Amino acid sequence: MNIISIPFGWLMKLCYMIVKNYGIALILFTFLIKLILFPLSVKQQKSSARMARLSPKLEKIKKQYANNQQKMNEETQKLYAEENINPMESCLPAILSIVVLFAIIDVVYCPLTYVSGLDKAEIKESTTLLTNIVTAAEELDKNDLTVSQLLAENKDVYETINSYEKSKALKDENGNNVTQQVAEILSAHDGLDEYINNPSKFSKKLISHPELLMFNICSDENYQDIFPQKVVDEVNSFEYTFLGIFLGSFPSWSNALVLIPILSCLTQLACTVVQQIFTKKNNPAAAKTMSSMNAMLYILPVFSLWIAFSYPAGLGIYWIISSVFALIQIIVLNVIYTPAYMEKLAVKEAASNKKKKKKSFYQKMLEAQQLQNGTAPSSRNVDIEEVDQTKLSKAEIAALNRKRINEARKRMAEKYGDEYNETDD
């Protein structure tokens, strides 16, 4: 996801530079993403409307060839080819939405890496050091010890920390052991370990996302000298908030942030319900099968509820914003691309393709499949040794060569009494 996140990071950085607030930048970013993907959504809507128009014909094919699955598939594919419809088009926007979501997770978790002006090496060095400090502080807490207590009893902080397996393995970004350095930092900063182990001041939930932890610790003047001043200044000047909410906070049932998961679920549910209403209106034939799919349709709202509780507030806010834009998009697309309008487009496109002698995607795919199976007009009832290959396409030549190889294998099997199984290789 890191490779996918980089271009999204550039876009987010541009948005942040314009508005100087990460939460507002998130709204602008989501709008731009929806705008970029809008042509695909239009294509998906067109495909859905065309599928609705074909529903009666598809039902007729199903009834006519109910006892012959192969013939049913062939006739269905022919119908798609004739109507220039790709039934898989509707899946692409949904797949891209999931990809964007997981790329956004990375961008939300790592605002300093993707949006700030800091050098990535400086960020890595600081976040790795912080992770090591947190690990050592946790080990002390597990053993009911504090650095203040150790110093009061004249015990060596390094020796104590180094006796723990996790602390013994503390390493920097280059793989060097830094247990001694961590012990010195904890000894020099009275109460640092207690600060880290205090859930009201330091969020341990973010331990796997140390960039967000940097906002916690750099805000306290007592511990700012642990990191380079450039890093501290950048972190403290970075507006990682939305309406006063720190985007690294986790929603829970015990705080006001619980509204984020609830709104996330409700907005996603609204998208599902509105889409169902339009589908039933524009494609009555689909209403018969929708009842059996209702459970699947409600999985996404439940998933958004889980996402918003399991991840920092920034991701839940993104999901809400995305769902609101998606709802607007659903209404706009369904109002414009009605079955009547799509009927006009289909007739116009069919006439245009016929005039240009342009083959649809499915027509090309069907011909290629027929060619591979030896049933295409170019290969049917033709002696393969008499075919002039200069008049064939690359796909036809490849099919012809496969046929020659299979016939040669068949002759060899018959000659030596072996079993022969035809392959497509």
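Looking only at residues in region 173-215 that are assigned to a helix (DSSP H, G or I), free of Cβ contacts under 8 Å to residues at least 40 places away in the same chain and under 29 Å from Asp106 (Cα atoms), the one that is farthest from the chain's Cα centre (by Cα) is Tyr195. Residues in region 12-24 that are free of Cβ contacts under 8 Å to residues at least 40 places away in the same chain and touching a helix residue (DSSP H, G or I) at 6+ places or on another chain (Cβ under 6 Å) were compared, and the one that is surrounded by the fewest Cβ atoms within 10 Å (Cβ to Cβ) is Val19. The set of residues in region 252-279 being touching a helix residue (DSSP H, G or I) at 6+ places or on another chain (Cβ under 8 Å) and hydroxyl-bearing (Ser, Thr, Tyr) consists of Ser252, Ser264, Thr267, Thr272, Thr279.
Step by step: first the residues of region 224-245, then only those that are part of a helix (DSSP H, G or I) and among the hydrophobic types (A, V, I, L, M, F, W, C), then the one that is farthest from the chain's Cα centre (by Cα). Which residue is that?
Ile226
Within region 192-203, the set of residues being surrounded by 14 or more Cβ atoms within 10 Å (Cβ to Cβ) and not aliphatic (A, V, I, L, M) comprises Asp193, Glu194, Tyr195, Asn197, Phe202, Ser203. Every test in (1) crowded, with 19+ Cβ neighbours inside 10 Å; (2) at pLDDT below 85 is passed by Pro261 save one, and that test is (2).
Residue-by-condition table, conditions (1) polar (S, T, N, Q); (2) surrounded by fewer than 19 Cβ atoms within 10 Å (Cβ to Cβ); (3) out of contact with any helix residue (DSSP H, G or I) (no Cβ under 7 Å at 6 or more places or on another chain):
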site: Val134; (1), (2), (3): no, no, no
site: Ser148; (1), (2), (3): yes, yes, yes
site: Ala169; (1), (2), (3): no, yes, yes
site: Lys205; (1), (2), (3): no, yes, yes
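Can you find a residue that is at pLDDT 80 or above and exposed (fewer than 14 other Cβ atoms within 10 Å of the Cβ) anywhere in region 36-50? Yes.
The values are calculated or read from the model by the stated rules, or taken from the named source; none is laboratory data. Values in this document were obtained by computation on a predicted structure and should not be read as measured data. Counting neighbours? That spans all protein chains shown, and the Cβs are built from the backbone with ideal geometry, glycine included.
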